[in-house]
Amino acid sequence: MIENELEVIELSCIRQAKPIFSAISFQLAAGEAMIVVAPNGAGKSSLLRLAAGLATPFLGEIKWRGKTIQQTSYQENLHYLSHLNGIKLGLTVKENLQLAKRLHRDDQPFSSFNSMLSFLQLTAHENVPAFYLSAGQKRRLALARIFLFPKPIWILDEPLTALDNESQTFFLSQLAIHLQTGGIALMSSHHAISPKNVAIKSLQLIPHHESL
C-alpha cells in the first residue's frame, strides 16, 4: 500500500489579475498536519481551495502519493470544509447524514451514528431542518460528516469557527485520531489547534505586496 503523502510544489495564485502568493511548497506525510497562518486577504482560503483541487493554480502542481492530483482519484480521498459548511439547509440533521452515508457508500446502520450526534450535541436536533440550526450547530453537523466517514486528507478552512469549548475539545480529539491512524490535515485557523501528542507544522503566508 502506498503511504499517504501530499506535496505542494511551487504553487502560485492570481486572483482578479493580482498576485496573491507565489512559490509555495511543502510536504505532508502520513500523520502530519499543517496550519496556514496569514492575515485576512493573504490567500489562506485560496491556498486551501487549490490544495483541494477545487481551483487551478497559476503556476505549480500538487501531488498525492507521488502523482499529480489529475492522475489520481484525489477528490475521493479528501474531506474539504469551507466557511459555507456544505450542508443541505432544507434537510434535517438526520437527512443530511443519511445523504452523506449514501454518497460515501457506507453500510453502517444509522443507529451507529447516535454517539457522534451525542458528542456533537445534535441528538435533540436530529429532526430539525438545518436552516433552523444555529451557526455552531451547522458547523458541528458539517464536522459530523468528516468524523463519521473517514478519508485520508482533511482540508479545513477555520474548522473551529462558531464552536463552543466542548466542541473544540472534541474536534481536537478527532483530529488526533485522524493523524494517529495515518491521516493528513491542512487547515487554517485563528484559534490555537494543538491536539495532544501531535505536532502541528505551520506555514506563514506573506501577502504578496509585502514580499516585493
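Values in this text are rule-based calculations from the coordinates and carry no lab data. The shown structure was predicted, so the numbers you read here are calculated from the model rather than taken from an experiment. With ideal geometry, Cβ positions are generated from the backbone for all residues, glycine too; neighbour counts draw on all protein chains shown.
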Which lysines, on any chain, are close to LYS101 with Cα under 22 Å apart, when same-chain ones fewer than 8 places away are left out?
LYS88, LYS138, LYS151
Starting from the Kirkwood radius over alpha-carbon pairs of the range 1-73, derive D by Stokes-Einstein at 4 °C in a medium of 1.567 mPa s and give it in µm² s⁻¹.
101 µm²/s
Highest mean first, how do 188-194, 102-108, 114-120, 47-53 rank when packing is the count of other Cβ atoms within 10 Å averaged over residues?
47-53, 114-120, 188-194, 102-108
Using alpha carbons only, what's the Rg to Rh ratio of the range 58-97 with Rh from Kirkwood?
1.17
Long-range amide H contacts for LYS201: which residues qualify at under 5 Å (H placed 1.01 Å from N, peptide plane, sequence gap of 5 or more or a different chain)?
ALA33, MET34, ILE35
Length released on extending from GLN70 to ALA162, taking residue separation times 0.36 nm less the Cα-Cα span:
29.7 nm
Give the percent of DSSP beta bridges with both residues in the chain that are antiparallel, rounded to the nearest 5.
45 percent
For LYS201, counting only lysines whose alpha-carbon sits under 16 Å away and dropping same-chain residues fewer than eight positions off, the answer is LYS44
From zero up to wherever the largest Cα-Cα distance of the chain sits, split into 5 Å bins and tell me the percent of pairs in each.
1, 7, 15, 18, 19, 16, 12, 8, 3, 1, 0, 0
Which length gain, in nm to one decimal place, applies between SER112 and HIS190 when the Cα-Cα distance is subtracted from 0.36 nm times their residue separation?
24.8 nm
Give me the distance in nm between label points sitting 7 Å out from Cα along the Cα-to-Cβ direction at HIS83 and ARG102, one decimal.
3.1 nm
Once the other residues with Cβ under 13 Å from the Cβ of GLN121 are scored (Lys, Arg +1; Asp, Glu -1), what is the net sum?
0
Counting other C-beta atoms within 10 Å, and keeping those with at most 16, which DSSP coil GluC sites (Glu not before Pro) do you find in the range 72-131?
GLU126
Suppose only helical runs count, i.e. DSSP H with n ≥ 4. What mean residue ellipticity at 222 nm does that imply for the chain under -39500 (n - 2.57) per run, divided by all residues and rounded to the nearest 500 deg cm²/dmol?
-8000 deg cm²/dmol
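Would you mind calculating the gained length between ILE14 and SER202 on full extension (0.36 nm times residue separation, minus the Cα-Cα distance), in nm to one decimal? Show your work: numbers first, answer last.
Values: separation 188, 0.36 × 188 = 67.68 nm, distance 2.25 nm.
Roughly 65.4 nm would be gained on extension.
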